[in-house]
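Report on the structure given below.
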Amino acid sequence: MKTILFTLWCVATVCFSGDVPNVLLIVADDLGYSDLSCYGNDRVQTPNIDKLAEQGMRMTQFYAAGPVCTPTRASIVTGKYPLRYNIESIFRDRGEYLPAGHSLPQLMKDAGYTTALVGKWHLGGLRLKDRERRDEVDGPHEHGYEHYLCQIEEHPLRTEYFKRGDLYSRGGTCLLENEQPMDENHRYFSMFFTDIMGEETIRLINIFNEQDKPFFIHANFQVPHLPLERAPEPHWSATAEDGLSEEQHRIRSMLARLDYQIGRIFDVVEDNTLIIFTSDNGGHKFSNNGPWRGIKSDLYEGGIRVPFIVWWPGHMEAGSISDERGHSNDILPTLCAAAGIVLPADENFDGQNLLPLLEGDFLDRSAQPEFWYFDKNQGRKKKKPGTLTGAIRLGDWKLLTAYGEPKELYNLTDDPQEKINRMTDMPEKTAELAELLANWLAEPRNTYKTAR
């Protein structure tokens, strides 16, 4: 009987061995495709993030699940398209929250990992009054994070920080640590927000490295999301340049500070650690989205194609570059596979395990479509006609639609900048992709919830 029970436990979770990796998932916020020097930025040097790519793998066709943060963050945590939860845009700190379930941190926790979340969550349940209603409202703990240090998601609190332009310099004044607001005596109260994220991640790694079980840390840096602020010295002076605008100087200093903190984190991780570095969506108007058309909130490549770097010594060719496609839905099944976790059989995940690709095998996704739906008119009294809301990519082809009506068709191999609309000369391809997208949009959905 003991043998049978042990076998069942292994199938449902994982049988640990000495080579199960620690996992560090780092997600930047509004980071443009070419904001990093390893992705072609010759104006800002990011040597520490570049080192991850030099010793690991970077992907050139990795997609965020949405052109803004909440959809992609939901995708990372659930391994599913955000539309499965009816998430069409951002949560606005008005009680919306993602219901807990087979979330990535819960799967890791159930498999014996110590789990922690640091930084921006933006999936709800972090209003101050939500803390007394955990039987009704799910937050980070309910999703499986044993420890969290996150922003309070209270309206209009975060909005006021954005308007004043001091979200980073006053970052320690609007944080919750395991349900407790920080006061002026807290170690992080007066620190620059990027530095808080680095310090807390390092603190947790040092603690967890002393344990006899692996850890999963999900570190969500806010850089380079607006407001643009001057980073602390020496990075403000180090990024000065004659003729540089104030906005560009600020974002460059913020990126340099982010890279500095990534370097400090990198110094304390052990070799048996799997690190993923990516972004929640494309960059805003001050970011560098490289050759791609569009910015954050667009369904063009500039809004959804993001950097993606994996570091795991001994499991991939150092300095390798993959031009295969990947998607934020893939993060959950990939990390679970690396940890030896068997996904629940009663759950349908949209993502695909990328480990074979990372280890050098060919992963053919030419027949597998990727879908997007984002409504930037959500919450507005009047919808702007012609707003692009849906997208599908299948092989080389990408179709964009406006509330179900096909509008633009591009061949991304021949026309990666999405300049030549091929709808007129490719009616059959347009119809094929439009039907696939319509069928996907018609599939049954769960829904996010809203607490009073």
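The values are calculated or read from the model by the stated rules, or taken from the named source; none is laboratory data. Model, not experiment: these values are computed from the prediction. Ideal geometry is used to build each Cβ from the backbone, glycine not excepted, and the neighbour counts take in all protein chains shown.
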Flag if K163 is in the same structural domain as S103 (by TED's automatic domain parsing), touching a residue at least 24 places away in the same chain (Cβ under 8 Å) and surrounded by fewer than 19 Cβ atoms within 10 Å (Cβ to Cβ): no
Residues of the range 196-221 that turn out to be surrounded by 23 or more Cβ atoms within 10 Å (Cβ to Cβ), in contact with a Ser or Thr (Cβ under 7 Å, 6 or more places away or on another chain) and not β-branched (V, I, T), as a count: 3
Sole exception among (1) closer than 29 Å to E200 by Cα; (2) touching a Pro at 6+ places or on another chain (Cβ under 6 Å) for G303, by number: (1)
Selection count, the range 205-222, where residues are among the aliphatic types (A, V, I, L, M) and in contact with a strand residue (DSSP E or B) (Cβ under 6 Å, 6 or more places away or on another chain): 2
Pick from the range 34-45, criterion in contact with a Phe, Trp or Tyr (Cβ under 9 Å, 6 or more places away or on another chain) and among the hydroxyl-bearing types (S, T, Y), ranking: farthest from L358 (Cα to Cα): S34
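Is it the case that some residue within the range 159-168 is part of a loop (DSSP other than H, G, I, E, B), among the aromatic types (F, W, Y) and farther than 29 Å from V20 by Cα? Break it down into steps so the answer makes sense when it comes.
Residues of the range 159-168 that are part of a loop (DSSP other than H, G, I, E, B), as a first pass: 165-168.
Restricting the remaining residues to those that are among the aromatic types (F, W, Y) gives 168.
Now restrict to residues that are farther than 29 Å from V20 by Cα: 168.
Taking every residue of the range 159-168 in turn, at least one turns out to be part of a loop (DSSP other than H, G, I, E, B), among the aromatic types (F, W, Y) and farther than 29 Å from V20 by Cα.
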Any chance F192 is more than 17 Å from Y148 (Cα to Cα), aromatic (F, W, Y) and in the same structural domain as W121 (by TED's automatic domain parsing): yes
Index of the failed condition, W121 passing every other in (1) aromatic (F, W, Y); (2) out of contact with any Ser or Thr (no Cβ under 9 Å at 6 or more places or on another chain); (3) part of a helix (DSSP H, G or I): (3)
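From N178, N206, which residue is closer than 22 Å to K109 by Cβ, out of contact with any Phe, Trp or Tyr (no Cβ under 8 Å at 6 or more places or on another chain) and in the same structural domain as E229 (by TED's automatic domain parsing)?
Details: N178 fails: out of contact with any Phe, Trp or Tyr (no Cβ under 8 Å at 6 or more places or on another chain).
Result: N206 is the single residue among N178, N206 that is closer than 22 Å to K109 by Cβ, out of contact with any Phe, Trp or Tyr (no Cβ under 8 Å at 6 or more places or on another chain) and in the same structural domain as E229 (by TED's automatic domain parsing).
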Residue list for the range 89-113, restricted to those being crowded, with 19+ Cβ neighbours inside 10 Å and touching a strand residue (DSSP E or B) at 6+ places or on another chain (Cβ under 7 Å): E96, Y97, P105, M108, Y113
Given (1) free of Cβ contacts under 8 Å to residues at least 60 places away in the same chain; (2) within 24 Å of I341 (Cα to Cα), number of the condition H102 does not satisfy: (1)
Long-range neighbours under 7 Å by Cβ, at least six apart or interchain, first residue not assigned by TED's automatic domain parsing to the domain that holds Y300 and surrounded by 19 or more Cβ atoms within 10 Å (Cβ to Cβ) within the range 394-419, second modelled with pLDDT of 95 or more and of a type in the set (K, R): W397/K429; L400/K407; T401/K407; L409/R422; L409/K429; Y410/K398; Y410/R422; E418/R293
Residues located in the range 196-229, provided they are among the aliphatic types (A, V, I, L, M) and farther than 17 Å from V118 by Cβ: L226, L228
Tally, over the range 373-401, of residues that are more than 16 Å from G303 (Cα to Cα) and at pLDDT 95 or above: 4
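Among E247, E210, which is the only one that is out of contact with any helix residue (DSSP H, G or I) (no Cβ under 6 Å at 6 or more places or on another chain), part of a loop (DSSP other than H, G, I, E, B) and either in contact (Cβ under 8 Å) with a residue 40 or more places away in the chain or farther than 15 Å from I196 by Cα (or both)?
Numbers: E247 fails: part of a loop (DSSP other than H, G, I, E, B).
The match here is E210.
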